[in-house]
1. Which condition does A:Phe248 not pass, out of (1) outside the structural domain of A:Ser169 (by TED's automatic domain parsing); (2) hydrophobic (A, V, I, L, M, F, W, C); (3) surrounded by 12 or more Cβ atoms within 10 Å (Cβ to Cβ); (4) at pLDDT below 80, if it passes all the others?
2. If a residue counts only when it is within 16 Å of the chain's Cα centre (by Cα) and modelled with pLDDT of 85 or more, which helices (runs of 4 or more DSSP H) contained entirely in the stretch A:267-360 have at least 3 such residues?
3. Residues B:Phe28, B:Phe52, B:Phe36: which one is surrounded by fewer than 15 Cβ atoms within 10 Å (Cβ to Cβ) and free of Cβ contacts under 8 Å to residues at least 40 places away in the same chain?
4. Within the stretch B:205-219, can you find the residues that are in a helix (DSSP H, G or I) and farther than 25 Å from A:Asp345 by Cα?
5. Considering A:Ile300, A:Ile264, A:Ile312, A:Ile286, which residue is touching a residue at least 60 places away in the same chain (Cβ under 8 Å) and more than 30 Å from A:Thr93 (Cα to Cα)?
6. Mind checking which helices (runs of 4 or more DSSP H) fall wholly inside the stretch B:120-204 and carry at least 1 residues that are within 14 Å of chain A (Cβ to nearest Cβ)?
7. Considering only the stretch B:20-35, I want to know if a residue exists there that is away from chain A (no Cβ under 13 Å), part of a helix (DSSP H, G or I) and closer than 30 Å to B:Ala318 by Cα.
8. Can you tell me which residues in the stretch B:276-299 are among the basic types (Lys, Arg) and closer than 16 Å to B:Leu110 by Cβ?
Amino acid sequence: MRGSEDSAGPQKVPFWLNPKIRAILFQFVTFCLVGLLAYYLVSNTLINLKRQNIATGFSFFHKESSFEVGESLIPYSAADTYARALLVGALNTIRVAFIGVVITIILGTFIGVARLSTNWLLSKLAAIYIEVMQDIPILLQLFFWYAIIYETLPSPQDALSPAAGIYMSNRGVAFTIPEAHPAHKYMLLAFVAACMIVYLIRRWARKRQERTGQFFPTFRVGIAIIFGLPFITWLAFGTPMKMDAPKFIGFNFQGGLMVSPEFIALLMGLVLYTAAFVAEVVRAGIQSVSKGQREAAMAIGLRPTLVLNLVILPQALRVIVPPLTSQMLNLTKNSSLAVAIGYPDFVSVANTTINQTGQSIEGVALIMAVYLFFSLSTSAFMNWYNKRVALVER
Amino acid sequence: MEQAVQAEEVTPPVTQIGVIGWVRHNLFNGVFNSLFTIVTLFFLWKVVPPLFRWAFIDSAWHTSGQACRQAGGACWSVISMNYRFILFGFYPYEQQWRPFLAMIILFGLLFYSRNRNHWKKPLAYAWIIGLFTMGLLMKGGLLGLKPVESTQWGGLPLTLLLAVFGLTAAYPLGVILALGRRSKMPGVKALCILYIELIRGVPLISLLFMSAIIFPLFLPEGVTFNKILRAQVAIILFTAAYVAEVVRGGLQAMSRGQYEAAESIGLNYYLTMRLVILPQALKIVIPPTVSILISAFKDTSLVVIIALFDLLKTTQTALSNPEWMGFSREVYVFVAILYFLGCFSMSNYSRKLERELSTRT
């Protein structure tokens, strides 16, 4: 390009044909247009807000919310502020998204592996599951599960009890749980400590194996520590055995752990829907590892578990992780459909807030900001993980 | 010699070929698989016959709600007695042939477009005319058709309308965004990245809320859009970001040589894109574009939340009649079958296309 310009000699290129100046001009025009559009929308909005006497800003945060929220992880009552109500909603979203992601990955992996099974029946069933679940809108599935729970299950009086200590009714499922005891806090601490210890052991074992070639049974020792440490704590506190069983009092169950029908329907819908997509991701990942890799690993005498751990999984995960991340994000974003079946997630609480205060712009902006935060933090974490498992090329 | 001749005539053992051989190879090879097969068969035996009984034998097909409750099986009558409302919503009863005709035109166009040999200029004109006719049929007011307010639109035509117009309008916008994201101009690039990542980071429902409650604030006093159009805008803005990412994939797959060759014969940016890059890039991304169409089709169901009467909402409304209360399973299964048929045929088509396109290159 440069050369041709120079050879053009005395005829100078007019400035409007200079690509650099053109680029700057074009961007300037684009920004002006976007700015004008933004100015137009904002000024209209301000005029409209003034006309309707709506004050902008987040001062409503500190006002009393005066509405109840169906379920909450932290203490909350109608006398609390809007800010706390929104926090309750956000925690509810995190709860369903977290539990959903964990179950989805497990279920999706099973179905993906079943799809590749040599068992014809199992493989075909998995294929049907994947195709059917992917082709039905998630919202419809949520309505369906909610209707099933609400219409088919009996009232709490004659609740079904599929196993001792579990009662299923159209008000939700009541579980028997161990009665609150100070030991539980320490058991949790012991569990966290055990996880950290196992992580350190794994690092040490890897380094040692790289240095000396000696193998350390990390997996078995790890399992023993993770289950053993909390168990020892439990023994140390004198084996508290008392159980908190749900009892039918008045119109509903009291005590135990009560899971609402909305939560169950939402969780079921999200998990069953997303698992179909995860299964496809897992299947593609496993198929991406060529057959020769397995054969080569077996030829050098690795045991089947080591073949999986050292050869197949590291390569399959590289293919699986990026699309898996986007499926997990989809699950989190789809959890916003909770508003349709009445589970008090963030969108539902924000919606109530908008209806009560009339602060629609702030409300919708909050919804967007919260989901953007979830999305960006998840993808940041997954990018970090992805970098770790990515192929290191020479 | 004699023995060799005899050996040729020996057939493989019956346990290795035919039905028995197939069963042995595919269902009972190994202890684990046999166990799986038995467990699965037991599970199917437990689930399928009662389901079949519920759906076909004990079911009521064309009765009143009262008779349904006594039948004990599935009550398909809730659909057969309300099908006009479920399919067309509050559209005036005697005018319902119009959305029906519009849907026929749409299906006809889709069916004709299946064949890639038909992908020529006339098809594009046919689509433009077809979409225009569909809009005219729905809205009326011309050629002696009675005008029908868009507040009365509903049911399956609304669902299809939102999906088809959503993708057709989102596609050019998505292509522009993708080109902007690949642009060398930092300002344009930043704007496009900001837009795409912002939209992809939030759920569709937040955009629908925005369309329902904030869009009216954006407009000067006195100017109003109807609710369907606002929801349509939200769906377009949302889909465009996803189209942009798919198209970007296609652009990235183009080799540098294509750009350099176009530049060397003196094409400017616009011509390079229009004549060289986009025709190839967009062809690569046809299969993923079909999957976006599938998601757009499924996502239209979310307009239920802002109270538009799409297919899902009309079915729910049919349930609110006391006579049909409590038959939600049947109607949801019915709607699920409709969605499934739509999505399944599209995904099948996309797989077929993928095969065809991959063998050609």
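1. The failed condition is (1).
2. A:313-334
3. It is B:Phe52.
4. B:Pro216, B:Leu217, B:Phe218 - these are the residues of the stretch B:205-219 that are in a helix (DSSP H, G or I) and farther than 25 Å from A:Asp345 by Cα.
5. Going through A:Ile300, A:Ile264, A:Ile312, A:Ile286 in turn, just one is touching a residue at least 60 places away in the same chain (Cβ under 8 Å) and more than 30 Å from A:Thr93 (Cα to Cα): A:Ile286.
6. B:155-181, B:186-201
7. No, the stretch B:20-35 contains no residue that is away from chain A (no Cβ under 13 Å), part of a helix (DSSP H, G or I) and closer than 30 Å to B:Ala318 by Cα.
8. Residues satisfying the conditions do not exist here.
The values are calculated or read from the model by the stated rules, or taken from the named source; none is laboratory data. Because the structure is predicted, anything quoted here is derived from the model rather than measured. Using ideal geometry, Cβ is built from the backbone for each residue, glycine included, and neighbour counts are taken over all protein chains shown.
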